[in-house]
1. Is it the case that the stretch 52-64 has a residue that's acidic (Asp, Glu), at pLDDT 95 or above and surrounded by 14 or more Cβ atoms within 10 Å (Cβ to Cβ)?
2. Limited to the stretch 146-177, what total is found for residues that are within 30 Å of PRO72 (Cα to Cα) and at pLDDT 95 or above?
3. Just one of GLY166, GLY123 is among the small types (Gly, Ala, Ser), surrounded by fewer than 16 Cβ atoms within 10 Å (Cβ to Cβ) and closer than 24 Å to THR86 by Cβ; which is it?
4. Would you be able to say whether some residue in the stretch 59-76 is farther than 18 Å from GLN129 by Cα, out of contact with any helix residue (DSSP H, G or I) (no Cβ under 6 Å at 6 or more places or on another chain) and polar (S, T, N, Q)?
5. Only one of LEU158, LEU126, LEU107, LEU94 is in the same structural domain as VAL43 (by TED's automatic domain parsing) and farther than 27 Å from LYS45 by Cβ. Can you tell me which?
6. Taking the stretch 114-138 as the region of interest, how many residues are in contact (Cβ under 8 Å) with a residue 24 or more places away in the chain and assigned to a strand (DSSP E or B)?
7. Within the stretch 47-70, can you find the residues that are in a strand (DSSP E or B) and of a type outside the set (Val, Ile, Thr)?
8. Determine, yes or no, whether ARG73 is assigned to a loop (DSSP other than H, G, I, E, B) and surrounded by 15 or more Cβ atoms within 10 Å (Cβ to Cβ).
Amino acid sequence: MHSPLPQQSYLYTISLLTLAGSSSRITWMGMFMQLLDVTIKRVDKTLPLPTYATAGSVAFDLLCREETEVAPRQLGFIPGNVIVHTPPGYMLLLALRSSTPRRKGLLIPNGVGIIDQDYCGEGDELMVQVYNFREEAVMVKRGERIAQGMFVPIMHVLWHEVDQMGQGRGGFGSTGA
């Protein structure tokens with residue numbers, strides 16, 4: 001077991017890498033994560049690969065590949081600069097950075113982006129679909145951090161259909177919350 005990072009190191013350390021046998025693992029503050037091997041291609045190699053902002057970040061930042069203007073009250077697509085081959089057993093979940101709606105007036109129309117495992121060929125650059133809710137155009141600059149990505153384990157289901165499900169508990173807000 002590794003010691004937690006000293007408080008002052010937290011601000012400067014993105015990750016602490018240790019080798020355990022033949023597998024790489026990240027350990028920090030009592031967390032233990034298996035590294036996931038992911039194949040990635042940058043469209044513009046002058047921009048860096050996606051990175052985790054801090055040692056405690058659970059999602060990596062995606063950068064805007066080219067300056068993009070989103071008209072007022074319109075949908076737009078921000079190029080994320082990477083083509084990613086999502087490993088079997090995972091999906092790639094995209095979400096805006098928490099500051100993006102306040103700073104830019106942009107939202108993802110359906111809340112999140114789900115990237116399937118087979119969206120990974122030439123030309124399949126990650127695009128962040130956004131809606132500009134402001135009355136003026138919004139400019140996203142090249143290299144600006146706009147969204148975050150996270151690999152999430154998935155499972156396919158085997159449905160067992162029934163004719164009755166038993167007593168219902170009520171609808172939205174039925175627990176008094």
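The values are calculated or read from the model by the stated rules, or taken from the named source; none is laboratory data. As the structure is a prediction and not an experimental result, all values here were calculated from the model. Neighbour counts are summed over all protein chains in view; Cβ atoms, including those assigned to glycine, are modelled from backbone coordinates with ideal geometry.
1. Restricting attention to the stretch 52-64, the residues satisfying the condition of being acidic (Asp, Glu) are 61.
Filter again for at pLDDT 95 or above, leaving 61.
Next, from what is left, pick out any that are surrounded by 14 or more Cβ atoms within 10 Å (Cβ to Cβ): 61.
Checked the stretch 52-64: at least one residue is acidic (Asp, Glu), at pLDDT 95 or above and surrounded by 14 or more Cβ atoms within 10 Å (Cβ to Cβ).
2. Going through the stretch 146-177, the residues within 30 Å of PRO72 (Cα to Cα) turn out to be 146-150.
Next, from what is left, pick out any that are at pLDDT 95 or above: 147-150.
The total comes to 4.
3. Values: GLY166 fails: closer than 24 Å to THR86 by Cβ.
Answer to the check: GLY123.
4. no
5. On the way: LEU158 fails: in the same structural domain as VAL43 (by TED's automatic domain parsing); LEU126 fails: farther than 27 Å from LYS45 by Cβ; LEU94 fails: farther than 27 Å from LYS45 by Cβ.
That would be LEU107, the only listed residue that is in the same structural domain as VAL43 (by TED's automatic domain parsing) and farther than 27 Å from LYS45 by Cβ.
6. Of the residues in the stretch 114-138, 8 are in contact (Cβ under 8 Å) with a residue 24 or more places away in the chain and assigned to a strand (DSSP E or B).
7. Of all residues in the stretch 47-70, those in a strand (DSSP E or B) come to 51, 60-63, 68-70.
Within the stretch 47-70, PHE60, ASP61, LEU62, LEU63, GLU69 qualify.
8. Numbers: assigned to a loop (DSSP other than H, G, I, E, B): yes; surrounded by 15 or more Cβ atoms within 10 Å (Cβ to Cβ): no.
So ARG73 does not fit the description; no.
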